[in-house]
Amino acid sequence: MADERVVGIDLGTTNSLVAYMGTGPSLAHPGEPGKGVHIIPGEDGSNLVPSVVALQPDGQMLVGNAARGVLLTAPSRAVYSVKRLMGRGVDDVREELKIFPFHLAEDLMAGEVMRIKLGERTYTPPEISAQILRQLKRNAERYFGAPVKQAVITVPAYFNDAQRQATKDAGRIAGLEVLRLVNEPTAASLAYGLDKKQNGTIAVYDFGGGTFDISILRLKDGIFEVIATNGDTHLGGDDIDNLLVAVAAEDIAGDLKIDIRQSPEAVQRLRNAVIEAKIALSSVEQAHIEVDLPGGKLYQRTITREMFEQMVLPIVKRTLMPCKQALRDAELTPAEVDEVVLVGGSTRIPLVRRKVEELFGRKPHTELNPDEVVALGAAVQASILSGGTEETKDMLLLDVTPLSLGIEALGGVTAKIIHRNSTIPASATEHFTTGVEGQTSVAIHVLQGEREMAKDCRSLARFDLKGIPPMPAGLPRIEVRFLIDANGILHVSAREQRSNKQAEIDVQPSYGLTDEQVENMILDSFDNAEQDLNARQLIESRNEADTILTALQKGRKSEAWARLSFGEQRRIEDLENKLRIAVSGDDHNPIRRAIDELNEGTMKLAEMMMDAAVGSALRGKNMENTGVEDGPEAPHPIGKAEFQ
Amino acid sequence: MSETGTQLKVLQTRPNQHKCWSCGDMRAEHFCGECGHVQPALPTDFFSFFGLPRRLELDEAKLEDAFYTLSRKLHPDMYSQASQREQLWSLEKTSQLNDAYRTLRDEIARTEYLLSLEGIQMEEQSKVATEQARALGVEKKQTVPPEFLEEAFELNMLLEEARMGEVDDDVREQLDATENSLTARLKGLRDELHKVWQRWDAGDVSATGAMVDVLNRRSYLRNLLRDVQEVLG
């Protein structure tokens, strides 16, 4: 059990991160000794993995920075901000499609889960998210040198059932057991709570790349109890970028008479330029935009912070309504909130900070990196779930369901059965009966949302209660139990009480994948993942073998070689042959073993060569690491650096 | 049905006489006092869940403490590495705990819940009925408490007027005054409710009728207040 590491993942709209909370100081964050909770960097050393996925013509999937490059060169092969599409139907995203360069599959059937075109293939949003998750999983596995199978993944607090289910599906497809979905603002409060052990009311304002959440929590002796939450799952930095792109595109059309929309590559360049300007304007008063346009023209503009703030004010204002609603639901005035915490990259914008400060009448906390705090909190929750450390053992998160759960009643009205902001897990029991003599099934329409009419709420699923024993109308008494679990996901069970028969439930999720579909995707990707991993390890071990074999070639010509006994030379040659044979196979394990053996066997040779070169005794050297030790000054002829 | 009934009875007559499935200790109800394992969730009423008598006056601070203490022991977070069976029980127990706490900590929900245990359903049906009537655009058959009849008529005229045209200073002043008076009367009803609670808690079974009356009047005033606040923005 001890080596079952549970990681925390922030699967963001713009960037994704993986974090871990260790028990001992050995894994402590450099600079924060003993704290133990830290982000796991990727291969390139960066903490952030851009949530971009690209499909290469040779079928290889790229994730992160590598995929971001493809966005500029071949936009139709890359996709970003896919989180916006999770758990949504084609009709929901019509508006989105006008602004985002999502290319939907052409052969989509009504009622089918949406698929996105990437090059010549199509993928559902959970499959694309799974690619990002798999990259994070790999990063963690490389970091630990051990497999990672369990994770806590964060979701926007205001995500509905379908969006949560889609996220969980993505985890399964990526080969991760999702122990818990945690709401992003709540996760952030855990990360902050580690620092300040205190009681009081805090508000977490989480304005990210694609979503906005506000959560109000009461902290009491390690219990983090969410009192109210609100938000908008389609409001974030993306909207600011889109606005700036639209303004610039109009500008370009007016001044230079060029319709930039005709060139996806140019739009992408423009998007990058306005994002850079947006980021710059958080620290400087004005920024310059310069973009190459099709036809060799150049678009140039200077934008001041004042202009920027004027443009984005309406977007920032849209975050204030949910804040006020959450305060009303919590029955609190802004002054009763003790602390305000800012989370999400968009809270770096000075205007956002000012507006939050105005609303709550106090300076918000920004001590923790707003890009990393959610992932850190997810790692804290992961630690709690795996039994807790000294630091987390008294911490407990009590979260709420963000949206009311209802069923469609007579006249197309929503009858609410679990109200929003109810602590989860939460349940409700409803009774149904038949309207016609001998009726053996009853249809139930489950909804999520606050509106009075069913058609204005989100349709979660339609259930058919089947197998009801034929009885006169109104006589059967079917008890249906709705249970929202700690992930915010709904489960339904039913029983006909007169016959005490478990009624069958036929679930038709309105926007989700069926279990079978997810199962197939897991198999698909699992095969690929195994192959991917093997292929990568094979390549890495072959490269390493190449390095050591080439080094040995040089070593043979050295004086040191001549000083070895015949027996020693023969032994090294045997090991060398063994490695050459291993390299010709396609399993990395024998290659690794042979490398280790050859390294071991050439230890003496390496030391002698080293001694000869520097005239001083260096212990513990072997063929592989001689030369890399002292950088450019390393005098040894056998250097790994040469071959890189 | 029969199975459920039996379990419920057992729970009510011998609330603390459950044998722990894991170690056999007899004091186990939510979790075992000996070995700490979570116990299967049995059908229970919310008062029994907290080991409380069916009384309406209750110490809300104590209830909160009990909620936190039980949460720490029952919550699914504590069972994430446990057997599937225990995970399920923890989930069911915690949902019972949350449902019970949510209902009991709120004065109105608590009163309505007690009435429902006494076989008097009011909240849900009347609410769905209100929503249905609104959705279908028909007048809901609502029994206006007689003492409000005249006042309600005038207020509705005023609201209608305000919705049609502009809310001028004069109308706003009248609505503000109404808002204040409604708020004050709701507070009065709360005191009245507390008095009826005392009757019930002292063993007066007929207090349920008075409760229904207070709740109905309250719900009527709340609807008026909501309408006023909607117009005032």
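The values are calculated or read from the model by the stated rules, or taken from the named source; none is laboratory data. Predicted, not measured: the structure shown is a model, and the values here were computed from it. Here the Cβ is made from the backbone with ideal geometry for all residues, glycine too, and neighbour counts use every protein chain on show. Keep in mind that these areas ignore ligands, DNA and RNA; they rest on the heavy atoms of the full protein, side chains included. Shrake-Rupley method; radii C 1.70, N 1.55, O 1.52, S 1.80 Å.
Observations on the structure shown:
- Residue within the range B:187-206 that is under 30 Å from residue B:170 (Cα atoms), in a helix (DSSP H, G or I) and touching a helix residue (DSSP H, G or I) at 6+ places or on another chain (Cβ under 8 Å) present: yes
- Scanning the range A:318-353 for residues being in contact with a helix residue (DSSP H, G or I) (Cβ under 6 Å, 6 or more places away or on another chain) and among the polar types (S, T, N, Q) gives a total of 1.
- Tally, over the range A:220-239, of residues that are in a strand (DSSP E or B) and open to solvent by 20 Å² or more (accessible area, probe 1.4 Å): 3
- Which listed residue, of A:458, A:477, A:481, is under 21 Å from residue A:399 (Cβ atoms), surrounded by 15 or more Cβ atoms within 10 Å (Cβ to Cβ) and within 14 Å of another protein chain (Cβ to nearest Cβ): A:481
- Among the residues of the range A:241-256, the ones that are buried (at least 18 other Cβ atoms within 10 Å of the Cβ) and more than 20 Å from residue A:345 (Cβ to Cβ) come to 3 in all.
- The condition (being crowded, with 17+ Cβ neighbours inside 10 Å, farther than 30 Å from residue A:403 by Cβ and not hydrophobic (A, V, I, L, M, F, W, C)) is satisfied by just one residue among A:305, A:261: A:305.
- Filtered residues of the range B:184-233 (kept if of a type in the set (A, V, I, L, M) and closer than 21 Å to residue B:121 by Cα): B:189, B:193, B:196, B:205, B:207, B:210, B:211, B:212, B:214, B:215, B:221
- The set of residues in the range A:385-396 being within 10 Å of another protein chain (Cβ to nearest Cβ) and open to solvent by less than 10 Å² (accessible area, probe 1.4 Å) consists of A:385, A:395, A:396.
- One residue stands out among those in the range B:90-105 that are within 12 Å of residue B:71 (Cβ to Cβ) and of a type in the set (A, V, I, L, M): the one that is farthest from the other protein chains (Cβ to nearest Cβ), which is B:100.
- Output for the range A:293-333, where each listed residue is touching a Lys or Arg at 6+ places or on another chain (Cβ under 8 Å) and not charged (D, E, K, R): A:308, A:316, A:319, A:320
- Under the condition of being assigned to a strand (DSSP E or B) and within 19 Å of residue A:347 (Cα to Cα), the residues counted in the range A:257-307 number 3.
- Among (1) in contact (Cβ under 8 Å) with a residue 60 or more places away in the chain; (2) surrounded by fewer than 15 Cβ atoms within 10 Å (Cβ to Cβ); (3) within 14 Å of another protein chain (Cβ to nearest Cβ) - the single one residue B:65 does not satisfy: (1)
- Under the condition of being modelled with pLDDT under 90 and part of a helix (DSSP H, G or I), the residues counted in the range A:99-140 number 1.
- Unique residue being more than 13 Å from chain B (Cβ to nearest Cβ), closer than 29 Å to residue A:476 by Cα and of a type in the set (Asp, Glu) when the list is A:437, A:452, A:430, A:408: A:437
- Those residues of the range A:167-219 which are farther than 14 Å from residue A:10 by Cα, open to solvent by 10 Å² or more (accessible area, probe 1.4 Å) and β-branched (Val, Ile, Thr), in sequence order: A:201, A:202
- Whether a residue is surrounded by 20 or more Cβ atoms within 10 Å (Cβ to Cβ), under 25 Å from the mean Cα position of the chain (by Cα) and closer than 22 Å to residue A:100 by Cα was assessed, and residue A:274 passes this test.
- Qualifying residues in the range B:101-114 (those that are of a type in the set (A, V, I, L, M) and crowded, with 19+ Cβ neighbours inside 10 Å) - the one nearest to the chain's Cα centre (by Cα): B:104
- The lone criterion from (1) under 25 Å from the mean Cα position of the chain (by Cα); (2) farther than 19 Å from residue A:356 by Cβ left unmet by residue A:207 is number (2).
- One residue from A:113, A:93, A:53 being open to solvent by less than 40 Å² (accessible area, probe 1.4 Å) and within 19 Å of the chain's Cα centre (by Cα): A:53
- Positions within the range B:68-81 being in contact (Cβ under 8 Å) with a residue 12 or more places away in the chain and more than 9 Å from chain A (Cβ to nearest Cβ), in sequence order: B:70, B:73, B:74, B:79
- Considering only residues in the range A:96-109 that are out of contact with any Lys or Arg (no Cβ under 8 Å at 6 or more places or on another chain) and under 17 Å from residue A:83 (Cα atoms), the one that is least open to solvent (accessible area, probe 1.4 Å) turns out to be A:102.
- Residue that is at pLDDT below 75 and part of a helix (DSSP H, G or I), where the choices are A:524, A:546, A:596, A:506: A:524
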